[in-house]
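Following: one structure in structure tokens, then a few remarks.
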Amino acid sequence: MCGIIGFTGNINAKDVLLQGLKALEYRGYDSAGISYFTENGIRTIKAVGKVSGLADKVASASSDTAKCGIGHTRWATHGGVSETNCHPHRFGKVTLIHNGIIENYKELQDELAKEGKEPVSQTDSEIAAMVIDSCYKNNPVRAIKKAVKKLHGAYAFCIMFEDHPGSIYAIRNGSPLVATATKEGAIIASDMVALIKYSKDYFVLPEHHIAHLTAKSINITDLDQNEIEPDMLHVNWDMAAARKGGYEYFMLKEIHEQPESLHNTISPRIKDGLPDFSADNIPDSLFTDINRIVITACGTAMHAGLIGKNMIERFSRIPVTVDIASEFRYQNPILDSSTLVITISQSGETADTLAALRLAKENGAKTLSIVNVKGSSIARESDYVLYTHAGPEIAVASTKAYTVQLAAVYLVSFRFALAKGTLTEDETRKLAATLLEMPSFVENMLSCDKAIEPISNKLKKTKSLFFIGRGLDYALSCEGSIKLKEVSYIHSEAYAAGELKHGTISLITDNVPVIALATQENVFAKMISNIREVRSRGAKVIMVAGTGAQVDASLCDHLITLPPVNDLFAPFGAAIVLQYIAYYTATARGLNVDQPRNLAKSVTVE
Ligand code: F6R
């Protein structure tokens, strides 16, 4: 969840670290710190709050120059938000930064206490520094090898040893680390956004391998000290993609990037008018040799899975279940070689989704992942990967990554049905052609912000509201609700419209807002009845209707009508409406939508 960076080279390391931390700030941001080698040993500067606060402190603390250092932005897990708990942590000759959780830190702490060693912070990370220091006899690699045998849990460490100036050592288990050697020096970070200024080529540090960074190179060895050459990867986005480009918030920028992300995700996969995964090396046998599908993911990615279930079952008539990854993994799920487990993840690093994938593989299921970040753990560990091409998503609230996940599940549902013969070539062509229109459909939708901003202004004082819908619209309601909650802090619930009267309608009283999605013709009449039910109890209804819907003006307080589109593709339009509702309601409340409280972009802890 935290952001980490290390640099050693021939330019000012403090600048590299602070710029890197700024780029990583979206990952975790309650405090930040850097450590760097000086002529008189390692110097550490920490600050609670934003990276800009740390930068001010660094500037006023000293004008010393540094060529090698490490930096960290913290999202508190063990121990509250304080300078003491902020990284880097130092013990003896070891200074380190850590992303992850050391599960057995209490036991280790008790052992260290017997030797009279006490930490100053409440963090598991400081205990890791103490363990590494206790294993250290002037050989960093040997100390790290010995220490990681004692550490249980997920970690990515960048470590400096007091008597090895100019060197950074790194190792990871679970938590991500990417690195690159450039003419300016060697750089390592938890996320490509911190590296992109220096290189588009990088590698993912393989798990349980030690990277030794010096100004000239990066040397990687396994735990038996065999040197390995990493697989190099390339990203096709640049610094501009990781900057706000004139938008007030990344979230708004990313909402506007959806036509391009959709185009990049869909068009390379439509060949001769048909969905085609040959460039992704996904064979049709993956779809024909199974008899059920489990989709597992977290949060917004799971909501994309709900839409995927609807589409796959509709076209292939094969049973699909959707499970929250953190539940799935502890429920002894029924899995075998006839099951296809589809994991969906923007980051490719979500701890629960990764664990669910591993469980699926252990039980012999086939695995396909839909992932945005190239070379991420979930992508690397899945049998097959369908990459989405949203580019970097910086805002914590997922927008463009969600709609490209929708595009990916639509493509899967079409190819699946074509391979199984449940859709004819002609039918598939028509669906693929409509999917190809989604970038321009979404482009068109982007101008509905003018209609939504005034509605959001009215919602800004609301304490609680409801999203209702049926079928695809229910899946979208779940997404609308999470989006609003995470950025505006307004309580909301998503309800299957027909289920509301089985209890929750008791909460509908005068002026309670209800956002009713009614884009599906087959259940439109049912939705109208549900809307009447809430209206007659005093609800203020904001209705999102499909094209051509005959809506009686007295039925709702605000009506947003989607431009003409086949009902099955309405989710691409409704998603934009819901993203705007969340965005404008949060900004009307004066909130920083890119950095909502308590949230981090990539949830690499359980
Ligand atoms: C909500 C949001 C989260 C993520 C969830 C899974 O806007 O971003 O709910 O969708 O944490 O993350 P990934 O997709 O990286 O696995």
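The values are calculated or read from the model by the stated rules, or taken from the named source; none is laboratory data. This structure is a prediction, so every number in the text was calculated from the model and none was measured. When we count neighbours, we look across all protein chains shown, and the Cβ atoms used for this are built from the backbone with ideal geometry, even at glycine.
Observations on the model:
- Check on LEU436, over 23 Å from ASN99 (Cα atoms) and either away from the ligand (no atom under 15 Å from the Cβ) or hydrophobic (A, V, I, L, M, F, W, C) (or both): yes
- Condition check for LEU472: surrounded by fewer than 20 Cβ atoms within 10 Å (Cβ to Cβ) and closer than 20 Å to ILE307 by Cβ: no
- Selection from segment 321-366 of residues that are crowded, with 24+ Cβ neighbours inside 10 Å, β-branched (Val, Ile, Thr) and in a strand (DSSP E or B): VAL341, ILE342, THR343, ILE344
- The criterion of at least 3 residues that are within 23 Å of THR403 (Cβ to Cβ) and basic (Lys, Arg) is met by none of the strands (runs of 3 or more DSSP E) falling completely within segment 438-536.
- Of the residues contained in segment 482-492, none is found to be closer than 17 Å to ASP557 by Cα, under 26 Å from the mean Cα position of the chain (by Cα) and within 16 Å of the ligand (Cβ to nearest atom).
- The set of residues in segment 97-118 being crowded, with 16+ Cβ neighbours inside 10 Å, of a type outside the set (S, T, N, Q) and closer than 13 Å to GLY153 by Cβ consists of HIS98, GLY100, ILE101, ILE102, TYR105, LEU108.
- Restricting segment 374-414 to residues that are more than 26 Å from VAL593 (Cβ to Cβ) and small (Gly, Ala, Ser) leaves a set whose member that is farthest from the ligand (Cβ to nearest atom) is SER413.
- Checklist (1) crowded, with 20+ Cβ neighbours inside 10 Å; (2) part of a helix (DSSP H, G or I); (3) of a type outside the set (Ser, Thr, Tyr) applied to ARG429, failing item: (1)
- Screening ILE220, ILE228 for residues that are without any contact (Cβ under 8 Å) to a residue 24 or more places away in the chain, exposed (fewer than 14 other Cβ atoms within 10 Å of the Cβ) and among the β-branched types (Val, Ile, Thr) leaves exactly one candidate, ILE228.
- Checking each residue in segment 292-319 for being more than 16 Å from the ligand (Cβ to nearest atom), surrounded by 17 or more Cβ atoms within 10 Å (Cβ to Cβ) and closer than 20 Å to THR403 by Cβ picks out LYS309, ASN310, MET311, ILE312, PHE315.
- Within the set SER121, SER175, the sole residue that is under 31 Å from the mean Cα position of the chain (by Cα), buried (at least 22 other Cβ atoms within 10 Å of the Cβ) and small (Gly, Ala, Ser) turns out to be SER175.
- Residue count for segment 381-402, restricted to those that are over 12 Å from the mean Cα position of the chain (by Cα), surrounded by 24 or more Cβ atoms within 10 Å (Cβ to Cβ) and aromatic (Phe, Trp, Tyr): 0
- All of (1) out of contact with any Leu (no Cβ under 9 Å at 6 or more places or on another chain); (2) of a type outside the set (D, E, K, R); (3) within 16 Å of the ligand (Cβ to nearest atom); (4) free of Cβ contacts under 8 Å to residues at least 60 places away in the same chain hold for ALA325 with one exception: (1).
- Subset tally (residues that are touching a strand residue (DSSP E or B) at 6+ places or on another chain (Cβ under 6 Å) and within 20 Å of MET445 (Cβ to Cβ)) for segment 525-551: 5
For every residue, the table says whether it meets (1) within 24 Å of the chain's Cα centre (by Cα); (2) within 30 Å of GLN331 (Cα to Cα); (3) not hydroxyl-bearing (Ser, Thr, Tyr).
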residue: ASN236; (1), (2), (3): yes, no, yes
residue: TYR249; (1), (2), (3): yes, no, no
residue: GLU254; (1), (2), (3): yes, no, yes
residue: LYS271; (1), (2), (3): no, no, yes
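- Listed by first and then second residue, the pairs with beta-carbon distance under 6 Å, at least 6 apart or on different chains, first residue in segment 389-406 and under 12 Å from VAL371 (Cα atoms) and of a type in the set (Phe, Trp, Tyr), second within 11 Å of the ligand (Cβ to nearest atom) and modelled with pLDDT of 95 or more, are TYR402/THR300; TYR402/ALA304.
- Test result for ALA32, more than 21 Å from VAL603 (Cα to Cα) and either part of a helix (DSSP H, G or I) or among the hydrophobic types (A, V, I, L, M, F, W, C) (or both): no
- When every residue of segment 333-343 is checked against the conditions, at least one turns out to be in contact (Cβ under 8 Å) with a residue 60 or more places away in the chain and farther than 30 Å from TYR489 by Cα.
- Within segment 477-497, residues that are in contact (Cβ under 8 Å) with a residue 60 or more places away in the chain reach partners that are part of a helix (DSSP H, G or I) and away from the ligand (no atom under 13 Å from the Cβ) with beta carbons closer than 6 Å, at six or more positions or on different chains, in the pairs SER488/THR585.
- GLN520 meets the conditions (1) closer than 16 Å to PHE467 by Cα; (2) surrounded by fewer than 20 Cβ atoms within 10 Å (Cβ to Cβ); (3) of a type outside the set (Lys, Arg) in every case but one. The failed one is (2).
- The set of residues from segment 358-373 being hydrophobic (A, V, I, L, M, F, W, C) and within 14 Å of the ligand (Cβ to nearest atom) comprises ILE370, VAL371, VAL373.
- Some residue of segment 87-100 being modelled with pLDDT of 95 or more, of a type in the set (A, V, I, L, M) and more than 25 Å from LEU599 (Cα to Cα): yes
- Restricting LEU559, LEU599, LEU568 to those that are outside any helix (DSSP H, G or I), among the aliphatic types (A, V, I, L, M) and away from the ligand (no atom under 16 Å from the Cβ) reduces the list to LEU559.
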